[in-house]
Each structure stands twice: as structure tokens, then as C-alpha cells.
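Accompanying notes for the structure given below.
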Amino acid sequence: MSAEQNSTPETREAGPRPARLTAAAALAGLEGLALVAGGVWTLVLGLTGSPDDRQQAVTLGITLIVLALLPLLAARGLLLRRGWSRGPAVITQIMALPVAYNLLRADSVAIPVGIVLALVAVTALVLLVNPATTQALGIRGPGRAEEPKR
């Protein structure tokens, strides 16, 4: 199925995808890829290294890989201009903020990671709630019913 066949009429008439929407999709995709990388790294270390608790390391690795599906699917939906994709993308950013806060409170090399994660999450949230993004996704605000067809 081509992109033309797979898009809605509103999407086709809306013109090119706004740069803000593309940037939000890229940030969500990067977060998903980071989760996959962290999950694979934890899984490999859990299986080949000598962790304190091998089962816990393997479980954490698999959990991170599964959690990566949310931002990756949201990024794909944003690129395809699907209205449903904004919800999972916003949820991902909201979940990232407490993680960033905990990383910032650490006394280790995790502090720079926390700073980057906080910046990415806040930037993505701003991009996702931007009116241009909302309009490009075809999301109407509360109380804004669809206009009757004439």
C-alpha cells in the first residue's frame, strides 16, 4: 500500500509535514533506540557477565526492549501523521522526566545523561503540544466538533 493510499484525506490536503512534527518524531525515535540499546546492553551483560542477580539483569534488559516499543511506534505514527500517536509520545516524555530527575540526583557519570534526557523530554513535549503539530495530526481541541458537510 502506498503512502497516498494509507493516508487520510485530511492528511493529503494538509500539505507537507511541519518541521516541528518531524523533530518530535525524531526525538521519540531516538528515545526508543536508546531504550533498545540499553536493553540489549543490559541483557548481554546479564547473560555473559557476572551480575549480582542474573535473572534481574535479564528481566531488566527484556523490559527495556519492550518499553522501547512505545516511543518507536509513536515516532512512526508521528511521521505518518496519525492523530493517535501524540498520546503515546506525550506519555513517553512524561515518563522520562522522573527518570531524568533521578539521574540528575546521582553522584556519577549519570548526571550528563540526566541533563540530556531532561532536555530531550521537555523539547519533545513543547513540540508535541505546539498548535502546528496538533493541526498537522488532525487533532481538534475539546468542544470543537467537526464542521457539518454541505
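Okay, here's what the table says:
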| quantity | calculated |
| --- | --- |
| Residues located in the range 71-102, provided they are open to solvent by less than 60 Å² (accessible area, probe 1.4 Å) and polar (S, T, N, Q) | S85, T92, Q93 |
| For V120: the one exception among (1) more than 19 Å from A37 (Cα to Cα); (2) of a type in the set (V, I, T); (3) touching a residue at least 40 places away in the same chain (Cβ under 8 Å) | (1) |
| Helices (runs of 4 or more DSSP H) completely within the range 1-64 that count 1 or more residues being modelled with pLDDT of 90 or more and polar (S, T, N, Q) | 19-48 |
| Residue match in the range 60-71 (condition: free of Cβ contacts under 8 Å to residues at least 12 places away in the same chain and more than 30 Å from L137 (Cα to Cα)) | no |
| Residue match in the range 105-121 (condition: polar (S, T, N, Q) and part of a helix (DSSP H, G or I)) | no |
| Every residue from the range 103-122 that is open to solvent by less than 70 Å² (accessible area, probe 1.4 Å) and either within 10 Å of Q93 (Cα to Cα) or touching a Leu at 6+ places or on another chain (Cβ under 8 Å) (or both) | L103, A110, I111, G114, L117, A118, V120, A121 |
| Inter-residue pairs, beta-carbon under 7 Å, first within 16 Å of V90 (Cα to Cα) and polar (S, T, N, Q) and in the range 129-145, second open to solvent by less than 40 Å² (accessible area, probe 1.4 Å) and modelled with pLDDT of 90 or more, 6+ apart | T133/P18; T133/L21; T133/A24; T133/L127 |
| Selection within the range 116-133 - out of contact with any helix residue (DSSP H, G or I) (no Cβ under 7 Å at 6 or more places or on another chain) and within 22 Å of L30 (Cβ to Cβ) | V116, L119, V122, V126, V129 |
| Checking A124 against (1) modelled with pLDDT of 95 or more; (2) within 24 Å of V44 (Cβ to Cβ); (3) not β-branched (V, I, T), the condition it does not meet | (2) |
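The values are calculated or read from the model by the stated rules, or taken from the named source; none is laboratory data. Only a predicted model underlies this, so the values are computations on that prediction, with no experimental measurement involved. For neighbour counting, all protein chains shown are included, and Cβ atoms are generated from backbone atoms with ideal geometry for every residue, glycine included. Side chains included, ligands, DNA and RNA excluded: accessible areas come from the protein's heavy atoms. Shrake-Rupley method; radii C 1.70, N 1.55, O 1.52, S 1.80 Å.
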